[in-house]
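Worksheet for the structure shown next.
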Amino acid sequence: MKPLLILCLGNEIISDDGFGPEIARRLKKELESSRCADVVFAPVAGFFLLDLLSGRRSVLIVDTIRTGKTEPGTLHSFPAGILTPSYHLTTSHQINLPTALELGRRLGYDMPNDIDIVAVEALDLETLAEALTPPVQAALPGALQAVRGWIAKHSEEEKPHED
Amino acid sequence: MKSIVIDPITRLEGHGKIHLFVNDDGSLANCYFQVPELRGFEMFAKGRPVEEMARITTRICGVCPDAHHMAAAKAADAVYGAQLPSAAVKLRNLVYNAFFAGDHTTHFFALGGPDFVCGPDAPPAERNILGVIAKVGLDAGKKVIAQRAAGQRIIEIIGGKKVHPVTAIPGGMSKRVTKEEQAEMIKLGEQMVEFAKFSLKIVDDIVLANKVYVDLIVSDMFTHKTYNMGLVDANNKVNFYDGKVRVVGPDGKEHCKYEPKDYLQYVAEHVESYSYLKYPFLKKVGWKGFVDGPDSGIYKASPLSRLNASDGMATPLAQAEYERFYETLTKDKSGKTMVHHTLATHWARIVELMQACETTLMLAKDPEIISDKIHNPPQGIVGEGVGIVEAPRGTLTHHYKTDQNGIVTEANLIVGTTNNNAPITMSIKRAAEGLIKKGTPITNGILNRIEMAFRAYDPCFGCATHSLPGEMPLEVVVHDAQTGEVTDIAQRNC
């Protein structure tokens, strides 16, 4: 199993919630040959995260967010559990990310050392549609750059472990 | 008059709020539970093949994808006038019960149960599965994970995928089950039944053994005498996958029992100006506002209402627990005396968990499930179909009209939580009436008891709207209704 995971959360049929899956689609090919990083799209949350996170050293979660304080399309980057959780890390019928991580640790799962989040400020998370809104669509290149930067940084950290 | 707004999701613009309108003397004038809906389903569905809806609608909601899969598949069966082979019905029923068990497990151990296992006054940070583990032991966490994994494996075997099943198609199923897979499912089913017994023991040891909790469950604050809805089989026993919709009155007498295709003759939807949400009610009784009683058409569709609407459970261990449930709460084990206590829904959920696990095991052992005859290709088209299943959180209706090629021209959904919009509103109001007093600060304990009133319904806004945070942030803003001035603010997890 590769030590790094880009975990894209979202839903392809609910407007801006398609951001995560679109990032996953665009990264899939270039990460196929990567020795360090996988990209996975998962339309799930809560308990399901345990299986996805288990065994990885570092994880970057790509998701949508609504802070209501920034313009749609703005990218937010933060470590998990420190700031406002992103959209799919908070759910009415599941456990949230910090709880999932702690549960995993208590149950003896090999949970990641660190989890970061990059989330785009969404404009529309209510309309069933297969297209992103223009400001969120425009945020895709910046998000891809952020993901590649994260992989590069964490790949460097990985090297001493391989020696 | 003052207005108190409880905003459970201050971070997520446009989502639910609770408005409490308080008179100058401190009494509660009214309460509104406001949640915007997911928009555009009909437009999204139009122009798509109806058989695709079973795969598409699983993606509406990350919480009950299997319920949408089955309701849409049943509606598509009806659109094509398809008659399913017996083995296909058993496979659908089996996978659906496995899903149901997993969903009820999640709610009891991660969401609703912690209110009791950890206590209603426990800090929010402890009222979750970690708090349950701290109280019951680490082994409980391992069992919950194993139970969920068992359900997901069965969904993967029959449904083709762990989370979003894809195999129910018009006229049956698209994937056969092997003998080896059947053997594996029998083992998983046995494990699930043991887990249900373990869950019932927790209800016994931690909830029923605590008089304070029992008093809370049966208190007026959490009681509403509404109609009750649920699917029943030919013997009026609880069924999650199929049957007729039965509705009983607050006195327990049958109000109606109908085929899914006739739902519009019995259910109508009331609209309030303040909310995008619709409030379903019984057409023949009528909408009389947010009041309970036999003259108000408001009904509940929940684990508790399914027990009330039936004459019992379909499996032996669940039936024994059903009798204990009614004996304890009404002194009448027959179930003919209704239980109207909202918080008893948590216990009812575990009674249902037992039936779901027993049914999973029973069907896993059925020799017919490895039959090759799992699909009858449709021979014609009717052009309209309704599919109803019991989602864990309430009766789920999918209704499609199509052209002669099976392309959707009209679509309508009534999702589980939507059924309960009016009861949830009333439950919040009743809880708030008992708790919000003039001059009394709004504490975390008060906020949680109001939350408990709607958490019992296991509301999911994943498809009724979208998502709410798992650890519910609450913000209570007290306004002077005349001037709009903010006079008090109470927040949690904001």
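Below are the figures for this structure:
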| item | result |
| --- | --- |
| Residue ID - surrounded by the fewest Cβ atoms within 10 Å (Cβ to Cβ), chosen from residues in segment B:157-184 that are within 14 Å of chain A (Cβ to nearest Cβ) and either more than 14 Å from B:His69 (Cα to Cα) or hydrophobic (A, V, I, L, M, F, W, C) (or both) | B:Val166 |
| Qualifying residue in segment A:135-146 (condition: in contact with a Pro (Cβ under 9 Å, 6 or more places away or on another chain), over 29 Å from A:Arg56 (Cβ atoms) and assigned to a helix (DSSP H, G or I)) | yes |
| Members of segment A:57-75 found to be of a type outside the set (Val, Ile, Thr), in contact with an Asp or Glu (Cβ under 8 Å, 6 or more places away or on another chain) and closer than 28 Å to A:Met1 by Cα, listed by number | A:Arg57, A:Ser58, A:Leu60 |
| Among residues of segment B:191-243, those that are in contact with a Ser or Thr (Cβ under 7 Å, 6 or more places away or on another chain) and without any contact (Cβ under 8 Å) to a residue 12 or more places away in the chain, counted | 0 |
| Evaluation of B:Val477 against (1) modelled with pLDDT under 75; (2) in a strand (DSSP E or B); (3) within 13 Å of chain A (Cβ to nearest Cβ) (one fails), failing number | (3) |
| Subset of segment A:26-44 (residues that are within 14 Å of another protein chain (Cβ to nearest Cβ) and hydrophobic (A, V, I, L, M, F, W, C)) | A:Val40, A:Phe41, A:Ala42, A:Val44 |
| Residues of segment B:138-154 that turn out to be within 11 Å of chain A (Cβ to nearest Cβ) and either surrounded by fewer than 20 Cβ atoms within 10 Å (Cβ to Cβ) or hydrophobic (A, V, I, L, M, F, W, C) (or both), as a count | 9 |
| Residue in segment B:68-89 that is touching a residue at least 24 places away in the same chain (Cβ under 8 Å) and within 13 Å of chain A (Cβ to nearest Cβ) present | yes |
| Filter result for B:Gly112 (out of contact with any helix residue (DSSP H, G or I) (no Cβ under 8 Å at 6 or more places or on another chain) and either within 13 Å of chain A (Cβ to nearest Cβ) or modelled with pLDDT of 95 or more (or both)) | no |
| Wholly enclosed strands (runs of 3 or more DSSP E) of segment B:331-437 bearing at least 2 residues among the polar types (S, T, N, Q) and closer than 30 Å to B:Met192 by Cα | B:394-402 |
| Given (1) in a loop (DSSP other than H, G, I, E, B); (2) on the phi < 0 side of the Ramachandran plot, index of the condition B:Ala320 fails | (1) |
| Complete set of residues in segment A:109-124 that are more than 17 Å from the chain's Cα centre (by Cα) and under 17 Å from A:Gly73 (Cβ atoms) | A:Leu123, A:Asp124 |
| Enumeration of residues in segment A:111-128 that are more than 18 Å from A:Leu60 (Cβ to Cβ) and either at the interface with chain B (Cβ under 9 Å from one of its Cβ atoms) or surrounded by fewer than 22 Cβ atoms within 10 Å (Cβ to Cβ) (or both) | A:Leu123, A:Asp124, A:Leu125, A:Glu126, A:Thr127, A:Leu128 |
| Matching option when the condition is within 11 Å of chain A (Cβ to nearest Cβ), assigned to a helix (DSSP H, G or I), farther than 27 Å from A:Arg106 by Cβ and within 18 Å of the chain's Cα centre (by Cα), among B:Thr105, B:Thr58 | B:Thr58 |
| Segment B:10-35, subset surrounded by fewer than 17 Cβ atoms within 10 Å (Cβ to Cβ) and part of a loop (DSSP other than H, G, I, E, B), residue modelled with the lowest pLDDT | B:Glu13 |
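The values are calculated or read from the model by the stated rules, or taken from the named source; none is laboratory data. Treat the numbers as computed from the prediction; the structure is a model and nothing was measured. Here Cβ is always computed from backbone atoms with ideal geometry, including for glycine, and neighbour counts include all displayed protein chains.
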